[in-house]
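FYI, it's all coordinate maths here, none of it is from the lab. Only a predicted model underlies this, so the values are computations on that prediction, with no experimental measurement involved. Every residue, glycine as well, gets a Cβ built from its backbone with ideal geometry; the counts of neighbours run over all protein chains shown.
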Amino acid sequence: MSWLEGIHYQGRQWGNRALDRHLRVGVTGLSGAGKTAFITSLVHQLTLGDQPAHLPFFAVVAQQRYLGGRLASNQPLSLPRFPYEQNLRYLQQRPAAWPPSTTGWSQLNLTLRYKPAEGVRARLQNHSELNLELIDYPGEWLLDLPLLQQDYQEWSRFCWSLFAQPHRQALSNVFAERLRQADLNNLAELELQQLTDAYSSLLQEFRAHAGTYLHQPGRLLVPGELAGAPMLQLFPLLPEQLSASSPLLQKLTEHYNSYCDFVVKPFYKQHFARLDRQVVLVDCLSALNAGEAAMQELQQALRLIMQSFRYGPASIVSRVFKPQIHKVLFAASKADHVTPEQHKALTLLLQQLLQQPIKHSHYAAAKSEAMALAAIRASQAGYIEQGGQKHPCIRGLELGAAEAVTLFPGDVPSTLPSADLFNAHPFQFPALAPSTLDVQQPLPHVRMDHALEFLLGDKLR
């Protein structure tokens with residue numbers, strides 16, 4: 001972005017913030033939680049889904065005051081643009097496919113137009129506008145935020161305490177042995193890169209292995225524009241290798257500090273320090289499938305991440321000079337993978353999983369809400385009759401399958417399951433592929449109208 005372009009863009013933002021006509025919304029979630037699908041659906045609902053029958057709980061639509069949404073034409077050309085149109089093409093394919101995961105940060109700006117319901121604006125204006133900024137980024141990068149609270153040695157000890165967990169230990173043993181054989185006085189470029197590659201391979205194995213969520217540094221998995229940068233030669237030394245100073249320890253400490261100062265801090269300031277509202281997406285069902293250790297690590301990862309955000313009440317001063325998150329939507333994604341009768345239990349499970357972050361947001365006087373939703377519905381819910389009784393079920397296409405199936409995916413626990421329950425009752429919730437969709441019609445969803453009302457409803461009155 002040029003200097004002059006940046007001045008004009010920031011000036012428009014400040015003006016709209018002062019008039020309460022601008023919102024910056026961050027969609028937060030670990031890899032696989034459904035951020036790309038959520039943003040794609042949200043944009044589609046706001047630009048094409050403005051029918052009361054489709055969004056009955058989105059008040060501005062239900063009251064027929066919504067005049068429509070358009071992708072903004074004034075988004076600076078130098079800002080990476082969220083690939084909304086490409087994502088729709090994946091959903092149009094035959095067979096349809098989920099859009100690919102995010103590999104870099106991006107932004108999409110919308111202008112929403114509506115008729116004011118009350119007040120001075122309703123009497124003096126035919127319509128009002130709200131400028132909406134949506135921010136997306138790889139879930140892997142989100143995991144770097146806790147690094148700002150640790151130094152290199154603390155991070156190394158944290159990593160190896162994590163790797164000692166039963167569901168990680170077998171995979172980490174090979175890398176641990178490689179470190180034991182390393183010469184801590186050898187700073188040769190080839191040796192540094194080989195150790196980094198070995199650690200990167202370990203992170204890739206962890207990510208492919210169900211039940212692991214904390215993968216740091218995230219840029220080793222999704223480097224973006226930093227591919228090949230020396231500061232990405234970064235890995236945790238064994239705890240016993242931290243007790244005495246060595247050239248390798250000093251080099252890795254230098255790389256860690258540079259990574260925090262020149263990657264993590266600017267990433268936070270640019271994308272998170274100016275958020276007004278936040279969506280936190282959590283895939284509880286995949287964690288249940290992976291077992292007790294996965295649920296515990298997911299809870300730990302979310303707790304560490306949420307500590308990095310600034311929450312507080314809305315005011316004109318905070319809007320213009322010091323933005324803070326004053327509304328948080330906690331959402332259990334992929335609610336269409338279970339029957340509707342299980343949605344309440346899924347919401348309760350989410351609330352327990354995020355108990356500490358929810359309390360933190362309440363303490364800071366931010367408003368929050370928890371719900372189960374599906375940004376793009378991939379199943380149909382119904383009933384089958386057996387023995388004269390009706391039983392709830394869903395019908396959908398499992399990933400990799402050729403034919404749709406009708407099944408009852410199972411009960412969702414309303415509290416965090418005990419080890420005994422995990423051992424006695426393995427969870428097997430399906431992974432569903434999208435149905436081929438007509439993108440000239442609003443995308444099917446579960447509770448996106450509730451989500452829109454919570455996130456935007458008060459600004460569209």
### Query
What's the FRET efficiency of Phe262 with Leu421 using the Cβ-Cβ distance as r and R₀ = 60 Å, to the nearest 0.05?
0.85
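Show me the ranking of peptides 268-280, 80-92, 183-195, 26-38 by mean Cβ neighbours inside 10 Å, starting with the highest. Before the final figure, lay out each step's value.
Values: 268-280: 19.3, 80-92: 16.7, 183-195: 13.0, 26-38: 22.8.
Order by mean packing, descending: 26-38, 268-280, 80-92, 183-195.
Is the shape of the range 148-265 rounded, prolate or oblate, going by the alpha carbon gyration tensor and its root eigenvalues a ≥ b ≥ c, with a/c under 1.5 for rounded and a/b larger than b/c for prolate?
Details: a/c = 1.38, a/b = 1.11, b/c = 1.24.
In terms of gyration-tensor shape, rounded.
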### Message
How many angstrom lie between the Cα centre of the range 24-99 and the Cα centre of the range 203-225?
### Response
27 Å
### Summary
Row for the chain, column shape: gyration tensor on C-alpha, a ≥ b ≥ c, rounded if a/c < 1.5 i.e. under 1.5, prolate if a/b over b/c, else oblate; value oblate
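Just rank Tyr363, Tyr152, fewest to most, by other beta-carbon atoms within 10 angstrom. Before the final figure, lay out each step's value.
Values: Tyr363 9, Tyr152 22.
Lowest count first: Tyr363, Tyr152.
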### Query
Which order results if Phe235, Phe422 are arranged by neighbouring Cβ count within 10 Å, fewest first?
Phe422, Phe235
### Message
Could you work out how much longer the chain between Lys359 and Arg94 gets when fully extended? Use 0.36 nm per residue separation minus the Cα distance between them, nm to one decimal.
### Response
90.9 nm
### Summary
Per 5 angstrom bin, beginning at 0 and ending with the bin that holds the maximum distance, the Cα pairs of the range 220-296 fall in percents of 3, 11, 14, 13, 13, 16, 18, 9, 3, 0
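Would you please report the Å³ per residue occupied by the convex hull of the alpha carbon atoms in the range 99-178? Numbers along the way, then the final one.
Details: hull volume 17.0 nm³, N = 80.
Measuring per residue, one finds 213 Å³ for the Cα hull of the range 99-178.
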### Query
For the range 70-222, what is one quarter of the convex hull surface built on the Cα atoms, given in nm²?
15.9 nm²
### Query
Just going by the charge dipole of the range 85-177, with Lys and Arg at +1 and Asp and Glu at -1 on Cβ, which of Ile135, Phe163, Asn87 is farthest out on the positive end?
Asn87
### Summary
1/(1 + (r/R0)^6) with r = Cβ-Cβ of Ala404 and Phe57, R0 = 35 Å, i.e. FRET efficiency to nearest 0.05, evaluates to 0.75
### Task
Tabulate in residue order the Karplus-calculated ³J(HN,Hα) for the range 223-239, using 6.51 cos²θ - 1.76 cosθ + 1.60 with θ = phi - 60°, rounded to whole Hz; enter x for Gly and Pro.
x, x, 6, 8, 3, x, 5, x, 5, 7, 7, 8, 7, x, 6, 5, x
### Query
If amide H atoms are built 1.01 Å from N in the plane of the peptide, which residues on other chains or at least 5 residues away come under 5 Å of the amide H of Arg377?
His445, Val446
### Message
Taking 29 Å as the cut-off for C-alpha to C-alpha distance, list the pairs among Lys115/Lys334; Lys334/Lys459; Lys35/Lys269; Lys265/Lys327; Lys265/Lys367; Lys35/Lys251 that go past it.
### Response
Lys115/Lys334; Lys35/Lys251
#### Entry: HN-Hα J in Hz across the range 181-195 - Karplus 6.51, -1.76, 1.60, θ = phi - 60°, x for Gly and Pro
8, 6, 8, 5, 9, 8, 10, 4, 4, 5, 5, 4, 6, 5, 5
### Task
Calculate one ³J(HN,Hα) per residue across the range 31-45 by plugging θ = phi - 60° into the Karplus curve 6.51 cos²θ - 1.76 cosθ + 1.60, and present them in order as whole Hz with x for glycine and proline.
4, x, 6, x, 4, 4, 5, 5, 5, 4, 5, 4, 5, 5, 5
### Summary
Gyration tensor on Cα atoms of the range 17-82, a ≥ b ≥ c root eigenvalues, a/c under 1.5 rounded, else prolate if a/b beats b/c, else oblate, says oblate
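Which value in Å does the Kirkwood hydrodynamic radius of the range 315-461 take, with 1/r averaged over all unlike C-alpha pairs and then inverted? Kindly include the intermediate steps, with their values, before the conclusion.
Details: mean 1/r = 0.0562 Å⁻¹.
Taking every pair of different Cα atoms in the range 315-461, averaging 1/r and inverting gives 17.8 Å.
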### Query
Per 10 Å bin, what percent of the C-alpha pairs of the range 388-461 does each bin hold, from zero upward?
13, 27, 33, 21, 6, 0
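Counting other beta carbons within 10 Å of each Cβ, put Ser41, Ser368 in order, fewest first.
Working: Ser41 25, Ser368 22.
So the ranking, lowest neighbour count to highest, is Ser368, Ser41.
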